[in-house]
Amino acid sequence: MANIGAVVDELRVVPPDGDLVLDVADLATPDLSVLQLIESLRAQARMHGGTVRLAAPANDTLAALLRRAGFADAMPADDHDFWFHGVPLQ
């Protein structure tokens, strides 16, 4: 994901009541804007009856970012399932 703005522009055409599968497995250097975008997509989908899911569990880089950002501390079960597909966070 070279430019988060370009990704946001592409996602504007996705209906919020649809089903969106995100492939973030190849993110080499994600930053907080990636987490913000994903969480925003999830919130919009919940409000409009859609779904967002990851194609695969968060990789080590994304898991480290979730920890640094404080997302991993006391993460609710549904968030854990979203990010890690039920795999225990190590």
Computed from every Cα-Cα pair in the stretch 11-53, P(r) in 10 Å bins starting at 0 and rounded to whole percents is 28, 53, 18, 1
When only Cα pairs under 8 Å and 6 or more residues apart are kept, what is the percent relative contact order across the stretch 4-80? 37
Counting other beta carbons within 10 Å of each residue's own, what order do Arg53, Arg12 fall into, fewest first? Arg12, Arg53
Given a Förster distance of 30 Å, the FRET efficiency implied by the Cβ-Cβ spacing of Ala28 and Ala77, rounded to the nearest 0.05, works out to 0.55
Residue-averaged 222 nm ellipticity for the chain, from DSSP H runs of 4+ at -39500 (n - 2.57), nearest 500: -14000 deg cm²/dmol
Any chance you could run the full-extension gain for Val87 through Thr51? It's 0.36 nm times the residue separation minus the Cα-Cα distance, nm to one decimal. 11.0 nm
Which option, (i) 186; (ii) 91; (iii) 145, is the value of volume of the Cα convex hull per residue in Å³ that was calculated from these coordinates? (ii)
Could you list Met75, Met47 so that the one with the fewest beta carbons within 10 Å of its beta carbon is first and the one with the most is last? Met47, Met75
Kindly put Asp19, Asp60 in sequence by how many other C-beta atoms sit within 10 Å of each C-beta, fewest to most. Asp60, Asp19
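Coordinate-derived values only; no laboratory data. This one's a predicted model, so the numbers in the text were calculated from it and none came from an experiment. Here Cβ is always computed from backbone atoms with ideal geometry, including for glycine, and neighbour counts include all displayed protein chains.
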